[in-house]
1. Using a Gaussian network for the chain with springs between C-alpha atoms less than 10 Å apart, which of these wobbles most: ALA117, ALA141, ALA132?
2. Roughly how many whole Å is it from the C-alpha centroid of the range 92-112 to that of the range 123-147?
3. With a 1.4 Å probe and all protein chains in place, put TYR26, TYR16 in order of accessible area, largest first.
4. Which residue fluctuates the most in the chain, going by a Gaussian network model with Cα springs under 10 Å, if the choices are MET21, MET92, MET111?
5. Dimensions of the chain along principal axes (Cα, Å, largest first)?
6. Based solely on its DSSP helices, what 222 nm [θ] is calculated for the chain when runs of n ≥ 4 H residues each add -39,500 (n - 2.57) and the sum is averaged over all residues, nearest 500 deg cm²/dmol?
7. In the chain, with Lys and Arg counted as +1 and Asp and Glu as -1 at Cβ, which of these residues, TRP29, ILE48, PRO168, has the Cα nearest the positive end of the dipole, that is, farthest along it?
8. For the full complex of protein chains and a 1.4 angstrom probe, list ILE91, ILE130 by accessible area with the highest value first.
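The values are calculated or read from the model by the stated rules, or taken from the named source; none is laboratory data. All of these numbers come straight from a predicted model, not from anything done at the bench. Cβ placement follows ideal geometry from the backbone for every residue including glycine, while neighbour counts extend to all protein chains displayed. These accessible areas exclude ligands, DNA and RNA; they are computed on the full protein's heavy atoms, side chains included. Shrake-Rupley method; radii C 1.70, N 1.55, O 1.52, S 1.80 Å.
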Amino acid sequence: MAVKNAMTADFLRSAYGGECMAHMRYLTWGEVAEKEGFPNIARLFKAIAYAEQVHAGNHFNVLNGNIGDHPVTAGGVFGLKNTAENLQGGIMGEEFEVDQMYPAYLEVAKMQKEEEAVRSFTFALEAEKIHAELFKKAKEAAEQGKDFEVNKIYICPICGHTATDELPNQCPVCGAKKGIYKEF
Ligand SMILES: [Fe+2]
Ligand SMILES: [Fe+2]
């Protein structure tokens, strides 16, 4: 089924672009964290990069009936610094998505009755809230020259929900079963 309204379709493409860039950026920043001796922060970046891939894939799939070539404009944080500063970049990106981008996209999708887009934007919004908090904790550690204390990191492959240490019985965002979470 195609997205009927041009504005929701534009927002899906822009969100797709933003998530793709976040995915790559986190993989790159993860490599920096690895080199700087923060293996858990490296793993956090890698896990969250996967969550952003899930979001990008969801937005892309919602557009599966809207074939065509489009220029895509999306916000992205640029720059390669040390791990604490890269985490600050991560916080900035996630907070922009949580405070401005996804709430605005979501309101338009609701107003235009684009149910699949509402679902995809909601999934992303809920995960980004968790990402912002995890990056804040990791940044506090990195600033003190310490690694982030975390055991396993789990990502829901349906919605990108991100859990640390303990796996929920089912995904609190999309209801998926515990067994399908990807472990990092
Ligand atoms: Fe995120
Ligand atoms: Fe989920």
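1. Top of the fluctuation ranking is ALA141.
2. Going from one Cα centre to the other spans 19 Å.
3. TYR16, TYR26
4. MET111
5. Principal-axis extents of the Cα atoms in the chain, largest first: 50, 38, 24 Å.
6. Only helices count here, giving -20000 deg cm²/dmol.
7. PRO168
8. Order by accessible area, largest first: ILE130, ILE91.
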